[in-house]
Amino acid sequence: MASQPRVRIPAQAKPGEIIEIKTLISHDMESGQRKDASGKTIPRKIINTFTAKFNDKVIFEATWHPAISANPYQSFFYKATESGEFTLVWKDDDGSEYVAKNKMTVG
Amino acid sequence: MHVVSSEYSRRDALRLAGFASLAVIVAAGRADATPDEVASAIAKLYGEKKFGSGKIKLDVPEIAENGLVVPINVEVESPMTDADYVKAVHVFAEGNPLPNVVSYKFTPACGKAFAATRMRLAQTQDIICIAEMSNGSLYMTKSQVKVTIGGCGG
């Protein structure tokens, strides 16, 4: 089951600095390929999309397929230009969304 | 007469064995993505377009002891400006039950076209990575990962 995502974003950055954003979320990422003890296929249930926004503008997006490991990790970069807030959204196959918000000051 | 009939039964047995081994091959083919499936997944995205080489740095381990968690880092060479940036990156696996692994969409705001995650690999196989630039040009690279323990469960 998905729990609170863990996100590492520097709280402060210099203008023009390229920062790394690291994220991790607990999730089984059930691939839909495994079978249970009685031989029935366990239905697929993964986080299929990860979206990163800064001040409501999409900056990075990842579409995950069942080949992504359990407790998916994702890192990417962002060029800091202004202060604002990151909104990171993980979308589950079942429709639920897990959201993390992080503020960053540039200056 | 007796000889003939035994000849027939042997032929039947051989034929059956032939079908059985064929069935095994078909079943195995169905369980895993093939280079053809990866090619058709790529064709679905980009049709018959040509791919250049270079630009992409695909960082995967040469040997993965645990196929459940295989780190994959992708970096594409690009100035990442509004005029010239990496639009998308797609990763495919030839030996997994499904060909797709991950697709990324970058924007100039990223500053650097880099993304890292962890994937599952069912067996030793080639990983294929393609990058689409903002001007429409395409690049492709390939890297083999040897997997000691498969990562797709039952």
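Assorted remarks:
- Matching residues, the range A:56-81, being over 25 Å from B:Val76 (Cβ atoms) and not polar (S, T, N, Q): A:Asp56, A:Ala70
- Residue match in the range A:86-100 (condition: modelled with pLDDT of 95 or more, among the aromatic types (Phe, Trp, Tyr), surrounded by 15 or more Cβ atoms within 10 Å (Cβ to Cβ) and out of contact with any Pro (no Cβ under 7 Å at 6 or more places or on another chain)): yes
- The single condition among (1) under 24 Å from B:Ile127 (Cβ atoms); (2) in contact with a strand residue (DSSP E or B) (Cβ under 8 Å, 6 or more places away or on another chain) that A:Phe86 does not meet is (1).
- Residue check, B:Ala115 without any contact (Cβ under 8 Å) to a residue 40 or more places away in the chain, surrounded by 19 or more Cβ atoms within 10 Å (Cβ to Cβ), under 26 Å from A:Asp56 (Cα atoms) and not polar (S, T, N, Q): no
- Residues of the range B:79-89 that turn out to be surrounded by fewer than 22 Cβ atoms within 10 Å (Cβ to Cβ) and within 21 Å of the chain's Cα centre (by Cα), as a count: 2
- Unique match (being closer than 22 Å to B:Pro71 by Cβ and surrounded by 18 or more Cβ atoms within 10 Å (Cβ to Cβ)) among A:Phe54, A:Phe60: A:Phe60
- When residues of the range B:119-142 are limited to those that are surrounded by 20 or more Cβ atoms within 10 Å (Cβ to Cβ) and β-branched (Val, Ile, Thr), the one farthest from B:Val70 (Cα to Cα): B:Ile130
- Checklist (1) in contact (Cβ under 8 Å) with a residue 60 or more places away in the chain; (2) crowded, with 20+ Cβ neighbours inside 10 Å applied to B:Thr148, failing item: (2)
- Taking the range A:65-76 as the range and being surrounded by 22 or more Cβ atoms within 10 Å (Cβ to Cβ) and either more than 7 Å from chain B (Cβ to nearest Cβ) or of a type in the set (Phe, Trp, Tyr) (or both) as the test, only A:Phe76 passes.
- Residues in the range A:44-55 include none that are in contact (Cβ under 8 Å) with a residue 60 or more places away in the chain and in a strand (DSSP E or B).
- For the range B:62-107, a residue qualifies if it is among the aromatic types (Phe, Trp, Tyr), in a strand (DSSP E or B) and more than 8 Å from chain A (Cβ to nearest Cβ), and exactly one does: B:Phe92.
- Yes/no for B:Lys146 being touching a Gly at 6+ places or on another chain (Cβ under 9 Å) and charged (D, E, K, R): no
- Selected residue (criterion: nearest to A:Gly95 (Cα to Cα)) from residues of the range A:29-42 that are assigned to a loop (DSSP other than H, G, I, E, B) and within 22 Å of the chain's Cα centre (by Cα): A:Met29
- So B:Ala113, is it within 17 Å of the chain's Cα centre (by Cα) and within 11 Å of chain A (Cβ to nearest Cβ): no
The values are calculated or read from the model by the stated rules, or taken from the named source; none is laboratory data. Note that the structure is a prediction, hence the values are computed from the model and not measured. Glycine also receives a Cβ, built like all others from the backbone with ideal geometry; neighbour counts cover every protein chain displayed.
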